[in-house]
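Worksheet: the structure to be examined is printed underneath.
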Amino acid sequence: MYRKINLQRNLVIFGIPLLIIGLMIFLAKSSIFTSNSGDLAIGITFDLLLTVPIVYFLLIRKTKIPKTTVVPFFVLGIIICSIIIPPENQYFLNLFKTWALPIVEISMLSFVIYNVRKAIKSYKLNKTESFDFFTTLKNTCSEILPKRVAILVVTEIAVFYYGFVYWKKRDLKENEFSYHKDSGTIALLIAIMFIVAIETVAFHILLAKWSNTAAWIFTFLSIYSSVQIFGFLKSMFKRPIAIHNGPLYLRYGIMAETTIDLKDIDAVEISSKDIASSKETQKLSFLGALESHNVIIYLKKENELTGLYGIKRKYRNLALYVDDKIGFKRRIDSILPVL
């Protein structure tokens with residue numbers, strides 16, 4: 001019954017703004033618009049940029065839906081206006097782009113920075129768990145952006161943050177475990193970056209003989225890929241595996257992560273035996289068979305592994321590499337009887 005009421009409420013909340021958007025698109029494509037394009041263009045622009053966000057805000061003001069979700073409707077309105085309104089009738093739209101859009105962008109950025117700083121202060125006051133920038137950033141961006149868009153934005157920000165901002169050494173706490181020192185992953189990623197650099201120079205020279213523009217596009221994409229790999233690499237140093245009395249946080253930089261309730265663990269085995277990826281068995285590393293493992297965690301029930309850009313996979317058995325595999329197993333085994 002509750003689900004039915006909740007579904008009906010969501011249909012109203014999102015249906016009405018989308019209905020208005022649909023009507024504006026229909027009006028812009030109709031013959032009426034052709035004969036009255038000047039006046040109707042102004043009306044459609046203001047309806048999409050102001051009426052839709054205001055109506056949506058009024059519908060969610062007494063719900064638990066974050067008020068910041070008004071922003072995506074505002075941005076959507078700008079995109080639709082740019083498509084359906086003829087260029088010669090986009091005077092007010094251009095005003096919005098010039099003055100209102102930068103204010104929205106600065107407000108969103110300020111909101112993210114404020115919430116991240118608030119989380120850092122909260123962590124300093126109550127150090128029950130280690131502060132994790134990536135998790136905090138995801139929680140903050142999910143309040144102002146659609147889920148799919150949020151994870152793309154979060155990944156790009158995190159790559160830059162871990163790659164070029166966060167240089168301070170991350171000391172491991174008693175309940176934390178590294179996984180990058182002896183696995184060979186760091187050396188592999190550095191080798192890939194080195195190969196990309198060599199191939200970029202060679203391909204740039206070859207492509208420049210055909211098209212200078214294509215050569216520079218390829219070079220830019222190669223540099224961007226190297227920046228991504230560097231950010232992924234450094235995030236492994238900053239996001240260790242963490243064990244608490246309730247949850248077990250398994251992380252592989254910002255490339256993969258999963259949270260396991262310790263009560264759901266059936267057994268922890270120290271093993272490097274070959275395993276085949278399946279619906280039940282997965283590897284924490286995004287490199288799959290290219291990276292070895294030395295620990296296998298068996299669960300009592302199915303869990304979910306989140307990879308790059310929010311891609312999710314189910315598993316019941318998880319293979320991973322831990323530098324201190326014996327200490328990792330011993331700590332979990334010591335907590336399980338208590339739970």
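The values are calculated or read from the model by the stated rules, or taken from the named source; none is laboratory data. Computed from a predicted model, the values in this text were never measured in an experiment. Don't worry about glycine lacking a Cβ; one is built from the backbone with ideal geometry, like all the others, and counts go over all protein chains shown.
Things worth noting here:
- Unique residue being in a helix (DSSP H, G or I), touching a residue at least 12 places away in the same chain (Cβ under 8 Å) and under 16 Å from Ser142 (Cα atoms) when the list is Val116, Val104: Val116
- For the range 147-156, the set of residues classified as farther than 16 Å from Thr68 by Cβ and either buried (at least 20 other Cβ atoms within 10 Å of the Cβ) or in contact (Cβ under 8 Å) with a residue 40 or more places away in the chain (or both) consists of Arg148, Ile151, Leu152, Thr155, listed by residue number.
- Checking the stated criteria, Tyr298 turns out not to satisfy the condition of being surrounded by fewer than 18 Cβ atoms within 10 Å (Cβ to Cβ), part of a helix (DSSP H, G or I) and touching a Leu at 6+ places or on another chain (Cβ under 9 Å).
- The residue that is farthest from Asp323 (Cα to Cα), among those in the range 220-252 that are outside any strand (DSSP E or B) and among the aliphatic types (A, V, I, L, M), is Leu221.
- Only residues that are within 15 Å of Ile190 (Cα to Cα) and exposed (fewer than 14 other Cβ atoms within 10 Å of the Cβ) were counted in the range 201-223, giving 1.
- Residue check for Phe74: modelled with pLDDT under 90 and either in contact with a helix residue (DSSP H, G or I) (Cβ under 7 Å, 6 or more places away or on another chain) or in a helix (DSSP H, G or I) (or both): yes
- Test: residue in the range 25-47 that is surrounded by 14 or more Cβ atoms within 10 Å (Cβ to Cβ), under 28 Å from the mean Cα position of the chain (by Cα) and not assigned by TED's automatic domain parsing to the domain that holds Thr140: no
- Selection of the range 155-191 for residues being among the hydroxyl-bearing types (Ser, Thr, Tyr) and outside any loop (DSSP other than H, G, I, E, B) yields Thr155, Tyr161, Tyr162, Thr185.
- For the range 303-314, the condition holds for no residue, the condition being that it is more than 24 Å from the chain's Cα centre (by Cα), under 16 Å from Leu262 (Cβ atoms) and not in a helix (DSSP H, G or I).
- Scanning the range 83-112 for residues that are of a type in the set (D, E, K, R) and either surrounded by 10 or more Cβ atoms within 10 Å (Cβ to Cβ) or under 23 Å from the mean Cα position of the chain (by Cα) (or both) gives Lys97, Glu105.
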